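First up is the structure itself, then whatever we jot down about it.
Read-outs throughout are calculated quantities, based only on the coordinates presented, and are distinct from any laboratory measurement. None of the values given here were measured: they were computed from a predicted structure. Here Cβ is always computed from backbone atoms with ideal geometry, including for glycine, and neighbour counts include all displayed protein chains.
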Amino acid sequence: MRNGINVALISPRRYGKTSLLLRASERVAAGRPAGAVVEVNVLLCKDIATLAARLVAATYGVKGGAWHRARRGVPEFVHRFRIVPSVAYGPAGEPTFSFAPGLAPADADRLIGDVYALLEEEAKRRPAVLILDEFQAITRLGTHLPALLKGLADEHPSVSLVLAGSKRHLMEEMLFDQEAPLFKMAERIDLPALPADEMAAFLAKRAGSVGKLMDPEVAGEIVRLVGPVPNDIQRLAYEAFEVAARRIDRSAVELALERIVTHESQGFMDTVARCTPGQYRVLVALASGHRGSVMTSGFARTVGLAGSSSVVRVIDALTTEEAVVERSVEEESDEGVQIKRGFAVADPFFAEWLCRTEGIGRT
Ligand SMILES: Nc1ncnc2c1ncn2[C@@H]1O[C@H](COP(=O)(O)OP(=O)(O)OP(=O)(O)O)[C@@H](O)[C@H]1O
Ligand SMILES: [Mg+2]
């Protein structure tokens with residue numbers, strides 16, 4: 001980010017992309033010279049006019065922007081844009097910017113270009129960064145946007161463009177496939193899950209800091225049960241913390257898991273109601289701990305599907321629904337550690353519920 005390098009940050013949901021970006025942005029902004037970081041979450045923009053308005057607002061908010069030094073900062077700022085936004089002032093005198101919902105897409109494109117140009121100007125004297133989080137959703141706002149960004153990134157090489165997203169195939173279509181509009185524009189970072197031992201140590205320390213004891217083995221058990229996603233791990237840890245007296249032991253973890261699964265069961269039931277029988281059987285197979293390839297005739301037989309092409313269709317549908325994620329797992333063999341790709345039920349509590357409902361154990 002400090003060196004104007006473009007980056008694509010990819011991981012399944014809830015691995016910690018936004019948290020990592022936040023931490024990195026804070027460091028860039030606190031550096032010397034303090035960086036200018038503009039960040040927008042694409043998923044929360046209902047249309048391209050909103051994206052443009054959020055980019056403009058985030059740019060205005062950048063500390064140390066040349067416009068803040070002007071006596072009349074806001075007018076000085078808005079006149080840098082080819083389409084001048086309407087400005088309203090909040091109770092504390094803070095400005096909010098908006099554009100008519102009917103803003104023509106070409107005008108929205110110009111605004112995005114203006115934000116980029118403004119950052120390029122900042123980049124002459126300090127690091128300048130444009131972060132688009134949830135970038136996998138960008139084409140919903142305009143199918144031309146990846147190509148537009150490619151043009152802007154070429155034109156303004158000093159600005160670091162950071163694109164973070166979850167759906168791997170969508171990110172690859174835009175960034176890494178041969179015909180991708182942003183092909184070779186960004187360095188790829190696949191954010192892995194946090195190492196289990198680091199996560200366990202973190203849990204034990206957190207518990208200790210608020211006055212309860214968690215043995216390292218218990219922390220490890222929590223990670224093993226619902227890992228690798230930090231959000232799930234912390235949810236179980238928190239629930240175990242709540243139910244335990246002074247010592248968070250295995251029985252507290254068991255009870256906590258039980259509670260979460262019970263609490264969520266209505267939602268799980270709704271998910272199952274939307275599934276075809278084939279999808280349900282695949283979910284159960286993955287929940288019970290199927291590792292390795294799903295492309296074998298053996299797996300198709302297990303889940304009662306005609307063959308691998310039916311399995312692919314079912315897995316695709318479940319992945320689109322985000323009920324299933326593709327996850328790489330490390331496997332130790334004689335040749336050392338190998339990374340294998342496999343599929344898993346995205347929500348470990350749902351996986352647990354499926355196993356309980358079916359009366360099967362998890363491996
Ligand atoms: N290094 C970490 N240590 C402990 N917890 C973490 C860490 N990074 C993230 N988390 C926790 O994991 C959860 C998910 O993080 P975050 O929202 O950053 O993920 P994300 O990849 O952006 O998810 P999404 O794809 O849904 O946007 C949060 O509750 C966060 O507090
Ligand atoms: Mg996020």
When the stretch 1-123 is reduced to its Cα atoms, the Kirkwood hydrodynamic radius in Å: 15.7
Along its principal axes, what span do the Cα atoms of the stretch 69-146 show, with the longest given first and each in whole Å? 40, 34, 23
Against the longest principal axis of the chain, how steep is helix 145-155, in degrees 0 to 90 to the nearest 10, with axes from Cα atoms? 50
Karplus (6.51, -1.76, 1.60) ³J(HN,Hα), θ = phi - 60°, over the stretch 65-75, in Hz, Gly and Pro reported as x: x, 3, 5, 6, 7, 6, 5, 10, x, 5, x
Using a basic spin-label model with each label point 7 Å from the Cα along Cα→Cβ, how many nm lie between ARG341 and ARG259? 3.9
Report the label-to-label distance for ALA273 and GLU326 in nanometres (one decimal), using points 7 Å from each Cα along the Cα→Cβ vector. 3.2
Quick check: the angle from helix 277-287's long axis to the longest principal axis of the chain, C-alpha only, nearest 10 degrees? 80
Pairing the Cα long axis of helix 17-30 with the longest principal axis of the chain, what angle in degrees results, from 0 to 90 and rounded to the nearest 10? 40
Ranked highest first by the average count of other Cβ atoms within 10 Å around their residues, in what order do 261-273, 42-54 fall? 42-54, 261-273
Any trypsin sites (Lys or Arg not before Pro) in the stretch 288-363 that lie in a DSSP loop and have at most 14 other Cβ atoms within 10 Å would be ARG291, ARG362
Could you tell me what percent of the DSSP beta bridges with both partners in the chain are antiparallel, to the nearest 5? 40
